[in-house]
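A quick write-up on the structure given underneath.
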Amino acid sequence: MKIQSIVIRAGRSLKQAKSRTILTSLAIAVGAFTITLSLAAGAGGRSYTDQIVSANTDVKELSVQKSPPKSQKGPTKYSSNIVSASTAFFSGELLTRTDLNEIQKIDGVVSVTPNYNPQIKYITRAGQDKYLASISAFSPSVTLKYAAGSVSGNLADNEIVLTEEYVPALGFKNNQDAIGKNVEIITDKLTAPISAHQTKTFPFIVKAVSSKSGLAFRSQSSLLVSSSSARAMYDYINIGTQSYDDFAVASVRTTSEQRAKEVKDVLIKKGYQAQTAADILGAVNTFINVLQGILLGFGALAILTSIFGIINTQYISVLERTQQIGLMKALGMRRRDVGRLFKLEAAWIGFLGGVIGSGLAVLAGTIANPFISKALDIGDIRLLIFNPVSVVAVVVGLVLVSVASGILPARKAAKLNPIDALRTE
Amino acid sequence: MIEVKGVTKIYGKKDNEFKALSDVSFTIPDGASVAILGKSGSGKSTLMHVMSGLDKPQTGQVIIDGNDILRLKTKEVDKFRSRKMSFIFQSFFVQGNESCYNNVSLPLEIADVSISRRRVRVEAALKAVELIDKKKSRARDLSGGQKQRLAVARAIVNSPKILFADEPTGNLDSVTGGVIENLLFNYHRKFKVTLILVTHDPELSERCDIQIHIKDGVIDSIKRKKK
């Protein structure tokens, strides 16, 4: 008997037991739904982190920290030789000027820039209120989304990039209105005595206004100035303090991506901790993969239960159709073909379940995507990405699983003795 | 020609042993009509099953056109049945939820006949039993007589050499039963098909060339009509 005829007969006998077929395939659909969604979430998550990392880092750059103390239980012992810091966010040794100079000397290093985060007093503009702000150094390798104006290459020392929320706060009519206007940053010298505190005003011209982007790594409210301006402010504020010129993290710029890897090895040998863009991406992706694995596990569990559903349904079907099987065998249908008929019926159930489940997943995901993005405040980035290849793979996989679960009932059908099957009395 | 030689079929084992057929031998020439007569439990159905290769006896030979079908592999017997034999049963065994067309098409699908040739032959068979207007109806919606006509169509669609009919009129009233009888005998005469009827109806058996009486698994008598 031709496979085509068997497929058609199998499909028809399922159509005749509609509710049973649909109910059985719905069990598979639950698994297909979960698996399709978790694959989509994994793909979306990985693509999102990929975008984040590539928008915020440069493949030629390394992020360097002083190596954390060798893993040991309990708190670290104090040592006067090591410069360290312990805050809620960071605990460990700090990089000193000596370290930075040593790194600078490594072959292939173009520049070493510590993360200057000057703790300014406030930002303001003539006739406007004063606002707190965090300041970061502008980096050309970080992709920004501009609401007005733009920066090509580097920022000049007297230029600043505002975020959207500072535009109305500082009394501008709109984003465009802010471009080219002056703002002032007031800083406080930390070592000055309270009785005679010293402040310095740094004037800036607004070069651009950045809007919120789902891809931004750093705090969304950071205002950006050039690296040397950040340093100038940092120096003014911190000079003379104990932690002056000690940094948690420094970014090291090298000549090429390949060089970055080599420099990383050198740095690690010298006792530093260095991460390339790929390392950061890998660390985040491991996390996503674990989450995806858990979701896939739930899906697999649902499939496992549905396997028993298929076996059960097909056994009942064989019992119900004993006469039909007997007749087909009397008419000369081969055992192999009788077995195939039932395996293909199982395949149809799996196909139906797969299509229903992954179809609903794609539908639900497509509808939910904008809401998820809105809830997570990540702009127009889609967190669920349905890859047609993986959707097809899910359906094909379920068809195979169903055929496998149809094997036992199919064997029972194939073994049926036609004489017994045709005895009616 | 069908030769049955020394066929013995035993059901059950040891204490429960039951001899359904005991050293049965006879010969049927091509194109003959044969009635196998006997009471229920006499072994007449078993004889039919053995002759069609559905059942394997412990000893004996069933030689059809020179081949001992009891020596063939299951696969080859299946092929043999699908090409050369057909069956009609007392309780029809039509697939109620399938259309008439698909019921009749089944033997051709099993015999790997192409779709286009299938259509021609299915329609011809349905015309022969006057069910062509019911082509798309579901078999369960047919009356008893129509169902058996459908079974006849299914039996003749693959142009068999041998047609087995197990009490074909047993579930029908005399009028519809007569229609089925005529269908079978007309087909038998027209195409020179060997017709083997299992029955306990003496009237039906009188229309046959050969009457084989079976009693307790043994041949009681064989009557051949003089031509």
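With respect to residue A:209, determine if the residue is crowded, with 19+ Cβ neighbours inside 10 Å and either of a type outside the set (A, V, I, L, M) or closer than 30 Å to residue A:374 by Cα (or both).
Yes: the conditions hold for residue A:209.
Considering only residues that are more than 8 Å from chain A (Cβ to nearest Cβ) and in contact with a helix residue (DSSP H, G or I) (Cβ under 7 Å, 6 or more places away or on another chain), look in the range B:51-71 and name the one that is nearest to residue A:417 (Cα to Cα). Taking the candidates together, the pick is B:53.
In the range B:78-93, what residues are among the small types (Gly, Ala, Ser), at the interface with another protein chain (Cβ under 7 Å from one of its Cβ atoms) and in a strand (DSSP E or B)? Correct list: empty. One residue is enough: does the range B:156-171 have a residue meeting the conditions under 26 Å from residue B:1 (Cα atoms), within 13 Å of chain A (Cβ to nearest Cβ), over 13 Å from the mean Cα position of the chain (by Cα) and surrounded by fewer than 20 Cβ atoms within 10 Å (Cβ to Cβ)? No, there is no match, as no residue in the range B:156-171 is under 26 Å from residue B:1 (Cα atoms), within 13 Å of chain A (Cβ to nearest Cβ), over 13 Å from the mean Cα position of the chain (by Cα) and surrounded by fewer than 20 Cβ atoms within 10 Å (Cβ to Cβ). Of the residues making up the range A:348-359, just one is surrounded by fewer than 24 Cβ atoms within 10 Å (Cβ to Cβ) and either in contact with a Gly (Cβ under 7 Å, 6 or more places away or on another chain) or within 14 Å of chain B (Cβ to nearest Cβ) (or both), namely A:348. Hey, any hits in the range B:104-121 for a residue that's within 24 Å of residue B:191 (Cβ to Cβ), assigned to a helix (DSSP H, G or I), without any contact (Cβ under 8 Å) to a residue 24 or more places away in the chain and away from chain A (no Cβ under 14 Å)? Checked the range B:104-121: at least one residue is within 24 Å of residue B:191 (Cβ to Cβ), assigned to a helix (DSSP H, G or I), without any contact (Cβ under 8 Å) to a residue 24 or more places away in the chain and away from chain A (no Cβ under 14 Å). Just a yes or no: is a residue in the range A:31-48 assigned to a loop (DSSP other than H, G, I, E, B), modelled with pLDDT under 90, of a type in the set (Ser, Thr, Tyr) and over 15 Å from residue A:352 (Cα atoms)? No, the conditions are met nowhere in the range A:31-48.
Scanning the range B:93-115 for residues that are under 22 Å from residue B:193 (Cα atoms) and modelled with pLDDT under 90 turns up nothing. The conditions of being surrounded by fewer than 17 Cβ atoms within 10 Å (Cβ to Cβ), under 27 Å from residue A:59 (Cβ atoms) and of a type in the set (A, V, I, L, M) are met by residue A:156. Among the residues making up the range A:175-215, those that are closer than 19 Å to residue A:129 by Cβ and without any contact (Cβ under 8 Å) to a residue 24 or more places away in the chain are A:177, A:201.
Of the set (1) touching a strand residue (DSSP E or B) at 6+ places or on another chain (Cβ under 9 Å); (2) within 14 Å of chain A (Cβ to nearest Cβ), all apply to residue B:29 but (2).
So which of B:5, B:75, B:9, B:19 ends up being among the basic types (Lys, Arg), in contact with a strand residue (DSSP E or B) (Cβ under 8 Å, 6 or more places away or on another chain) and either in a helix (DSSP H, G or I) or under 17 Å from residue B:222 (Cβ atoms) (or both)? Spell out how you get there, then give the answer.
Numbers: B:75 fails: in contact with a strand residue (DSSP E or B) (Cβ under 8 Å, 6 or more places away or on another chain); B:9 fails: either in a helix (DSSP H, G or I) or under 17 Å from residue B:222 (Cβ atoms) (or both); B:19 fails: either in a helix (DSSP H, G or I) or under 17 Å from residue B:222 (Cβ atoms) (or both).
Just one listed residue meets the conditions, B:5.
The values are calculated or read from the model by the stated rules, or taken from the named source; none is laboratory data. In this text, all values refer to a predicted model and were calculated from it rather than measured experimentally. Quick reminder, even Gly has a Cβ in these numbers, built from the backbone with ideal geometry, and neighbours come from all protein chains shown.
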